[in-house]
1. Does Lys193 qualify as being over 25 Å from His318 (Cβ atoms) and open to solvent by 10 Å² or more (accessible area, probe 1.4 Å)?
2. Consider only pairs whose beta carbons are under 7 Å apart and that are at least six residues apart or on different chains; among these, list those whose first residue lies in the stretch 175-192 and is over 20 Å from Leu220 (Cβ atoms) and among the hydrophobic types (A, V, I, L, M, F, W, C) and whose second residue is open to solvent by 20 Å² or more (accessible area, probe 1.4 Å) and assigned to a loop (DSSP other than H, G, I, E, B).
3. In the stretch 127-138, how many residues are at negative phi, open to solvent by less than 20 Å² (accessible area, probe 1.4 Å) and not in a strand (DSSP E or B)?
4. Report, by residue number, each residue of the stretch 139-185 that is open to solvent by 40 Å² or more (accessible area, probe 1.4 Å), over 16 Å from the mean Cα position of the chain (by Cα) and farther than 20 Å from Trp77 by Cα.
5. Tell me, which residue of the stretch 72-85 that is of a type outside the set (A, V, I, L, M, F, W, C) and part of a helix (DSSP H, G or I) is surrounded by the fewest Cβ atoms within 10 Å (Cβ to Cβ)?
6. Quick one: count up the residues across the stretch 48-71 that are in contact (Cβ under 8 Å) with a residue 24 or more places away in the chain and open to solvent by 60 Å² or more (accessible area, probe 1.4 Å).
7. May I ask you to say which residue of Gly106, Gly111, Gly116 is in a loop (DSSP other than H, G, I, E, B) and open to solvent by less than 10 Å² (accessible area, probe 1.4 Å)?
Amino acid sequence: MVEFAPLFVPLERRLQTFVVLHWIFCFMVLPPICVVVFIGLLFTRFWFFSILYTIWLYLDQNKPWQGGRRNEVVRRWVIWKYMKNYFPISLVKTAELDPSRNYLAGFHPHGVLSIGSFTNLCTEGTGFSSVFPGIRSHLTTINIYFWVPFFRDYIMQGGLVSTDKESVAHILSRKGGGNLVGITIGGVKEALKTRPGANNLVLRNRKGFARLALMHGADLVPIFSFGDNNLYSHAKNSGFWWKWFSNQLYEKIGLTIPLFYGRGVFQYSFGFMPYRLPITTVVGKPIEVPKTPHPSQEEVDRLHQRYMKELSNLFETHKLKYNVPKDQHLEFC
């Protein structure tokens with residue numbers, strides 16, 4: 001049976017739903033539309049717009065690898081407050097971040113659509129700049145987005161940058177401090193492991209972030225977002241052909257699509273809208289990292305082990321507050 005939404009819903013909730021729907025549309029549907037529009041304009045009398053944009057793209061092609069184009073006005077749009085209140089999402093600080101230092105933050109878990117990381121680090125929906133004054137946040141995402149006409153310019157406004165190490169290094173090497181770049185370390189492989197109530201992190205063999213932190217003397221910040229894995233359900237059996245397609249997609253462009261479902265806009269039984277469940281993002285105490293331009297593998301391994309320990313401690317300290325069973329622990333794979 002389909003469970004339909006009430007006929008009369010407060011305007012506030014309707015606006016929240018509309019904003020989240022807009023966000024999902026932007027990241028799941030807008031990129032191919034932008035490509036179609038860009039190519040389609042070439043066959044109209046407005047062809048010169050595509051030509052001018054091609055020139056702009058050539059001149060600006062390195063920007064996502066050079067800190068992006070963060071725009072405070074876009075980050076402070078009122079729509080992000082509605083997005084935050086849809087779930088709602090809360091940002092919890094456990095320690096201060098010194099504005100004279102640069103930070104590399106590991107964001108866990110990835111979740112299906114990285115809703116927690118985007119809302120906290122690419123918008124002021126949860127008031128990041130007020131909670132951590134003097135800190136400019138960025139978030140990495142897959143490179144293919146930055147080759148999509150028009151779309152690339154939009155997502156850079158929030159602070160999204162390339163996930164390549166050159167991009168992260170550019171931010172971490174900025175003089176004066178006050179820069180934080182967030183990485184959803186588990187990536188799309190972790191997204192495939194996302195299940196409601198599960199806390200499986202793809203982290204054990206991912207050490208590149210620790211090496212970058214050492215090379216630039218950037219303090220490591222563990223962040224855990226309680227509830228991010230509960231926003232969608234996954235199909236129990238995706239089938240051979242879908243798994244094959246997902247693997248091919250990941251190998252070719254570094255992107256894959258898990259089979260997931262949530263609720264709809266006017267009914268609660270199925271759809272691509274996330275469930276209205278709370279997300280609490282807890283920012284841990286930074287791990288001080290000495291600058292080591294040429295770190296040895298032993299130094300990288302030691303810092304990586306310490307990071308996993310601090311992340312586990314963060315999870316254990318706060319899990320009971322956010323309805324995680326006492327006997328459940330982080331699992332690293």
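1. Numbers: over 25 Å from His318 (Cβ atoms): no; open to solvent by 10 Å² or more (accessible area, probe 1.4 Å): yes.
In short, no.
2. Hits for this filter: Val188/Leu255; Ala191/His110.
3. Here is the first cut: in the stretch 127-138, the ones at negative phi are 128-133, 135-138.
From what is left, the residues that are open to solvent by less than 20 Å² (accessible area, probe 1.4 Å) are 128, 132, 135, 137-138.
From the residues that got through so far, the ones that are not in a strand (DSSP E or B) too are 128, 132, 135.
Residues flagged as at negative phi, open to solvent by less than 20 Å² (accessible area, probe 1.4 Å) and not in a strand (DSSP E or B) within the stretch 127-138 amount to 3.
4. Answer for the stretch 139-185, where residues must be open to solvent by 40 Å² or more (accessible area, probe 1.4 Å), over 16 Å from the mean Cα position of the chain (by Cα) and farther than 20 Å from Trp77 by Cα: Trp147, Lys165, Glu166, His170, Ser173, Arg174, Lys175, Gly176.
5. Step one: filter the stretch 72-85 for residues of a type outside the set (A, V, I, L, M, F, W, C), giving 72, 75-76, 81-82, 84-85.
From what's left, part of a helix (DSSP H, G or I): 72, 75, 81-82, 84-85.
Working: Glu72: 11, Arg75: 19, Lys81: 19, Tyr82: 20, Lys84: 22, Asn85: 16.
Filtering first and then ranking leaves Glu72.
6. 3
7. Details: Gly106 fails: in a loop (DSSP other than H, G, I, E, B); Gly116 fails: in a loop (DSSP other than H, G, I, E, B).
Result of the check over Gly106, Gly111, Gly116: Gly111.
One line per residue, one yes/no per condition, for (1) open to solvent by less than 10 Å² (accessible area, probe 1.4 Å); (2) in a helix (DSSP H, G or I); (3) within 24 Å of Glu331 (Cβ to Cβ); (4) touching a strand residue (DSSP E or B) at 6+ places or on another chain (Cβ under 6 Å):
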residue	(1), (2), (3), (4)
Gly197	no, no, yes, no
Asn205	no, no, yes, no
Ala210	yes, yes, yes, no
Leu220	yes, no, yes, yes
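The values are calculated or read from the model by the stated rules, or taken from the named source; none is laboratory data. Quick caveat: nothing in here was measured; it's all calculated off a predicted structure. For neighbour counting, all protein chains shown are included, and Cβ atoms are generated from backbone atoms with ideal geometry for every residue, glycine included. When the accessible area is computed, the model is the full protein with side chains, heavy atoms only, and any ligands, DNA or RNA have been set aside. Shrake-Rupley method; radii C 1.70, N 1.55, O 1.52, S 1.80 Å.
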